[in-house]
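The values are calculated or read from the model by the stated rules, or taken from the named source; none is laboratory data. On a predicted model such as this, the values are computed, not experimentally measured, just so you know. Virtual Cβ from ideal backbone geometry, glycine too; neighbours counted across all protein chains shown.
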Amino acid sequence: MSSYYHYHPYRFSAVADALTRRVARITALPDAAAVIATEYAGIDDNELEARMHEYRRLIDTHAKWVSGGRQIFDMSSIMAPLAGAEDIRLSALPALRLPDVFYVHFGKDADIMLFGEDTYVDGAYFIHTEEKGEPGYRFTVVCGQAERDLGTATAGDLLKAQTRLASGFASAARPFRAGIDKLSGDPAVCEDDLVGQILDRLELSLAYAADPNAVPDLQKEVHVGRRIQAGPRH
């Protein structure tokens, strides 16, 4: 197994390969329809359609990360001591100049767990883009799980593992938090209690990912920071 498996971009590829093999094997069976129903048990048609849509988007995001240089900012050693902190805010910083495509890694020890699951928020992809004429970064928050046997997991389980995600857009023209009090995606990842923790850690990660020596570009800036206040959960 790759020594980089703990990073989502590498784990994503392994799970994607397992899912592709699983689906190919199932669809070749004589009773494929019945087996498929079993494989996706507990996922209704609407949820399946939504997850397939998110999966295709994540495949595209991952491909852009690969073609963009596979850059990862490993924040795990910084995030682990902050596990449980509910409010991690930065003081005001100059505009952050960022790469076009990168991934920030929180790690399991950041302890941002989905309620009632063995699933944790692993980190987020950032892709420079433009939405509705506004430049900025589309970010996709992704999750990890306890290690499992990919050869025996059902197609439904593998699809869910790949689509435990949420996304948002950080405008280059406005503060990072402006309009991002909520994320879109898997309801379990978009819980209000989680979103605040995620956004706090994303802001901190962006401060580390920024290059102060980069050529100024107003379309590739992010503005973060309000105050510093961190305390444990009670």
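Summary table below
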| item | result |
| --- | --- |
| Residue list for region 84-120, restricted to those being assigned to a strand (DSSP E or B), in contact with an Asp or Glu (Cβ under 9 Å, 6 or more places away or on another chain) and over 21 Å from GLY136 (Cα atoms) | ALA85, TYR120 |
| Residue match in region 22-41 (condition: of a type in the set (D, E, K, R) and either more than 22 Å from THR152 (Cα to Cα) or touching a Lys or Arg at 6+ places or on another chain (Cβ under 9 Å) (or both)) | yes |
| Residue identified as more than 22 Å from GLU47 (Cβ to Cβ) and part of a loop (DSSP other than H, G, I, E, B) among ALA124, ALA80, ALA178 | ALA178 |
| Any hit, region 79-86, residues being under 17 Å from the mean Cα position of the chain (by Cα), of a type in the set (Gly, Ala, Ser) and at negative phi | no |
| Selection from region 51-77 of residues that are free of Cβ contacts under 8 Å to residues at least 60 places away in the same chain, over 25 Å from ASP111 (Cβ atoms) and either assigned to a helix (DSSP H, G or I) or of a type in the set (A, V, I, L, M, F, W, C) (or both) | HIS53, ARG56, ILE59, ASP60, ALA63, VAL66, SER67 |
| Conditions (1) in a helix (DSSP H, G or I); (2) over 30 Å from MET75 (Cα atoms); (3) of a type in the set (Gly, Ala, Ser): number failed by ALA18 | (2) |
| Given (1) modelled with pLDDT under 95; (2) touching an Asp or Glu at 6+ places or on another chain (Cβ under 8 Å); (3) under 19 Å from HIS6 (Cα atoms), number of the condition ASP149 does not satisfy | (2) |
| Failed item in (1) more than 26 Å from LEU98 (Cβ to Cβ); (2) in contact (Cβ under 8 Å) with a residue 12 or more places away in the chain, with LEU165 passing the rest | (1) |
| Selection status of ARG177, among the basic types (Lys, Arg), touching a helix residue (DSSP H, G or I) at 6+ places or on another chain (Cβ under 7 Å) and at pLDDT 95 or above | no |
| Hits in region 136-147 - residues which are under 16 Å from TYR10 (Cβ atoms) and free of Cβ contacts under 8 Å to residues at least 40 places away in the same chain | GLN145, GLU147 |
| Test: residue in region 33-44 that is closer than 18 Å to VAL142 by Cα, hydrophobic (A, V, I, L, M, F, W, C) and touching a helix residue (DSSP H, G or I) at 6+ places or on another chain (Cβ under 6 Å) | no |
| Residue, modelled with the lowest pLDDT, within region 203-230, restricted to residues that are polar (S, T, N, Q) and surrounded by 10 or more Cβ atoms within 10 Å (Cβ to Cβ) | GLN229 |
| Hey, TYR4 of a type in the set (Ser, Thr, Tyr) and part of a loop (DSSP other than H, G, I, E, B) or not | yes |
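Conditions (1) at pLDDT 95 or above; (2) surrounded by 16 or more Cβ atoms within 10 Å (Cβ to Cβ), marked per residue:
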position	(1), (2)
SER3	no, no
ARG25	no, no
ASP31	no, no
ALA34	no, no
ARG51	yes, yes
GLU54	yes, yes
ALA63	yes, no
ARG70	yes, no
ALA92	no, no
